[in-house]
1. Scan Tyr82, Tyr115 and give me the residue that is crowded, with 17+ Cβ neighbours inside 10 Å and aromatic (Phe, Trp, Tyr).
2. Under 9 Å between Cβ atoms, which residue pairs at least 6 apart in sequence (or on different chains) link something in segment 172-193 that is among the polar types (S, T, N, Q) with a partner that is surrounded by 12 or more Cβ atoms within 10 Å (Cβ to Cβ) and at pLDDT 90 or above?
3. Which residues, counting only those in segment 143-164, are surrounded by 10 or more Cβ atoms within 10 Å (Cβ to Cβ) and either among the hydrophobic types (A, V, I, L, M, F, W, C) or touching a residue at least 40 places away in the same chain (Cβ under 8 Å) (or both)?
4. Which members of segment 99-116 meet the condition of being assigned to a helix (DSSP H, G or I) and β-branched (Val, Ile, Thr)?
5. For segment 63-78, state whether one or more residues are at pLDDT 95 or above, farther than 19 Å from Phe9 by Cβ, crowded, with 22+ Cβ neighbours inside 10 Å and out of contact with any Asp or Glu (no Cβ under 6 Å at 6 or more places or on another chain).
6. Can you name every residue in segment 76-98 that is part of a helix (DSSP H, G or I) and out of contact with any Leu (no Cβ under 8 Å at 6 or more places or on another chain)?
7. Does Ile129 qualify as being in a helix (DSSP H, G or I), within 23 Å of Ser21 (Cβ to Cβ) and at pLDDT 85 or above?
8. Inspect all residues belonging to segment 31-41 and state whether any of them is within 30 Å of Thr162 (Cβ to Cβ), within 16 Å of the chain's Cα centre (by Cα) and crowded, with 21+ Cβ neighbours inside 10 Å.
Amino acid sequence: MQNENKKGFQVRDLIVTALLSVCALVIYILCAFLSFSPYTMLVVSPLWALLAAITYFLVAAKTKKPWALFIFCAVTGIYGFYPPMIICCIIAGIISALIAWKTGCTNGKTLTISYIIYMVLAAFSGTYIPFLFFSKQTLEQYAGMFGESYLGILQTLVSPITAIIMLIVVGLCAFIGAIIAKKLLKKHFQKAGMV
């Protein structure tokens, strides 16, 4: 861990972090297309947790800087300018940076833990807070965007129990995504000399 942070701030690390943050947001936008149906809308956050893991792990592997993980989480939280998402992603970024600062950016176990925390907080704030705490306004907004039949199905699906179950699913998908990301890093990126 001591050798990881010997080099100070480098612009290259900031650029890599910014580009991978944008990649994570593009993955999220592509996953968000699943919102065309209330049933598939529930899959958006778990799918993003599964697919975006490689971007998170690449930030850690390429920069080896705890602050880069903070920036990654904060930038992905700013998307949509939704205050609960921004706050939760900044909190997740602080937690990720502190864990990486303590254990190192190459520790696969602690990176997995910080990634799960980040994804659960992002899902809670971006997808489930609106339905748990602002359900009337959120449901009215969805009715305006997708119609009354969409709203009817959504009302039967949305509940605090559903939100809790989905957060557990997001955590599991983040865990699986982290395992896949670590294998990809070892198999492809390290062999190619990219990390």
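1. Details: Tyr82 fails: crowded, with 17+ Cβ neighbours inside 10 Å.
None of the other options fit; the residue is Tyr115.
2. Hits for this filter: Gln190/Ala61.
3. Residues satisfying the conditions are Ala143, Met145, Phe146, Tyr150, Leu151, Ile153, Leu154, Leu157, Val158, Thr162, Ala163, Ile164.
4. Here is the first cut: in segment 99-116, the ones assigned to a helix (DSSP H, G or I) are 99-103, 108-116.
Passing the criteria: Ile99, Thr103, Thr110, Thr112, Ile113, Ile116.
5. Checked against the condition, which is being at pLDDT 95 or above, farther than 19 Å from Phe9 by Cβ, crowded, with 22+ Cβ neighbours inside 10 Å and out of contact with any Asp or Glu (no Cβ under 6 Å at 6 or more places or on another chain), segment 63-78 yields no hits at all.
6. Taking segment 76-98 as the starting set, the residues that turn out to be part of a helix (DSSP H, G or I) are 76-78, 83-98.
Residues satisfying the conditions are Gly77, Ile78, Pro83, Pro84, Met85, Ile86, Ile87, Ile90, Ile94, Ile95, Leu98.
7. Details: in a helix (DSSP H, G or I): yes; within 23 Å of Ser21 (Cβ to Cβ): yes; at pLDDT 85 or above: no.
The answer is no for Ile129.
8. No: segment 31-41 contains no residue that is within 30 Å of Thr162 (Cβ to Cβ), within 16 Å of the chain's Cα centre (by Cα) and crowded, with 21+ Cβ neighbours inside 10 Å.
The values are calculated or read from the model by the stated rules, or taken from the named source; none is laboratory data. What you see is a predicted model; the values in this text were computed from it and never measured. Heads up, the Cβs are rebuilt from the backbone with ideal geometry, glycines too, and the neighbour counts pull from every protein chain shown.
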